[in-house]
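Worksheet: the structure to be examined is printed underneath.
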Amino acid sequence: MSGLRRQAREMALQMLYMLDIVGEEDLRAQLHLFWENYGKLAGSRPFAMELTQGVRQHLEEIDQAISRSSHNWKLNRMSYVDRNLLRLAVYELLYRPDIPPKVSINEAIEISKRFGDRDSGAFINGILDQVFRRLKQAAS
């Protein structure tokens, strides 16, 4: 199951990346095109869609949480990959209490090794650590 979840997270990252680049003018057409190309990964589709839609639905709150924790880095200056991996992980931290925070953070770091640059893992780890600390403080 974790293999399907990793695959779903990678697909959600790619969808969010695509939406960042092309915009959401014709969201349905963009998602249809994506699934046409990645249809063989149907087992991962439900979780990938949930993640993608969840991030898009809660984008403002997610971006605020990232901005509060990313000192010296504005969202629009982050790479598309790093920004969308952060969004995925923060979505899970905020809205998926069934997923342990450590899993969400580790998955983002691992996926960054495949899609990001050599510094992405440390960058993502630092920001997610800050986001998680703030969430724990707010809950206490």
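Could you please find all residues in segment 67-90 being within 20 Å of Lys136 (Cα to Cα) and over 11 Å from the mean Cα position of the chain (by Cα)? Can you show your working first?
Applying the first criterion (within 20 Å of Lys136 (Cα to Cα)) to segment 67-90 yields 67-71, 86-90.
Answer for segment 67-90, where residues must be within 20 Å of Lys136 (Cα to Cα) and over 11 Å from the mean Cα position of the chain (by Cα): Ser67, Arg68, Ser69, Ser70, His71.
Just checking, does segment 113-121 include any residue being within 13 Å of the chain's Cα centre (by Cα), surrounded by fewer than 17 Cβ atoms within 10 Å (Cβ to Cβ) and among the aromatic types (Phe, Trp, Tyr)?
no
Without any contact (Cβ under 8 Å) to a residue 12 or more places away in the chain and within 18 Å of Ile127 (Cα to Cα) - does that describe any residue in segment 45-65?
yes
Among Arg87, Arg68, which is the only one that is touching a residue at least 40 places away in the same chain (Cβ under 8 Å), within 26 Å of Asp117 (Cβ to Cβ) and surrounded by 15 or more Cβ atoms within 10 Å (Cβ to Cβ)? Let's see the steps before the verdict.
Values: Arg68 fails: surrounded by 15 or more Cβ atoms within 10 Å (Cβ to Cβ).
Being touching a residue at least 40 places away in the same chain (Cβ under 8 Å), within 26 Å of Asp117 (Cβ to Cβ) and surrounded by 15 or more Cβ atoms within 10 Å (Cβ to Cβ) holds for just one of Arg87, Arg68, which is Arg87.
Residues that are part of a helix (DSSP H, G or I), modelled with pLDDT of 95 or more and either under 23 Å from Leu4 (Cα atoms) or under 12 Å from the mean Cα position of the chain (by Cα) (or both): does segment 34-45 have at least one?
There is no residue in segment 34-45 that is part of a helix (DSSP H, G or I), modelled with pLDDT of 95 or more and either under 23 Å from Leu4 (Cα atoms) or under 12 Å from the mean Cα position of the chain (by Cα) (or both).
Only one of (1) more than 21 Å from Arg118 (Cα to Cα); (2) surrounded by fewer than 17 Cβ atoms within 10 Å (Cβ to Cβ); (3) of a type outside the set (Phe, Trp, Tyr) is not met by Ser79, so which one is it?
Ser79 satisfies all of (1) more than 21 Å from Arg118 (Cα to Cα); (2) surrounded by fewer than 17 Cβ atoms within 10 Å (Cβ to Cβ); (3) of a type outside the set (Phe, Trp, Tyr) except (1).
What residue, among those in segment 95-140 that are touching a residue at least 40 places away in the same chain (Cβ under 8 Å) and in contact with a Phe, Trp or Tyr (Cβ under 9 Å, 6 or more places away or on another chain), is farthest from Thr52 (Cα to Cα)?
Among residues in segment 95-140 that are touching a residue at least 40 places away in the same chain (Cβ under 8 Å) and in contact with a Phe, Trp or Tyr (Cβ under 9 Å, 6 or more places away or on another chain), the one farthest from Thr52 (Cα to Cα) is Phe123.
Are any residues in segment 93-136 in a loop (DSSP other than H, G, I, E, B) and either touching a Cys at 6+ places or on another chain (Cβ under 8 Å) or not charged (D, E, K, R) (or both), and if so, which ones?
Listed by number, the residues that qualify are Pro97, Ile99, Pro100, Gly116.
Of Asp82, Asp129, Asp119, which residue is among the charged types (D, E, K, R) and within 18 Å of Ala12 (Cβ to Cβ)?
Asp82
The values are calculated or read from the model by the stated rules, or taken from the named source; none is laboratory data. Bear in mind the structure is a predicted one, so any value in this text is a computation, not a measurement. Positions of Cβ are backbone-derived with ideal geometry, glycine not excepted, and every protein chain shown enters the neighbour counts.
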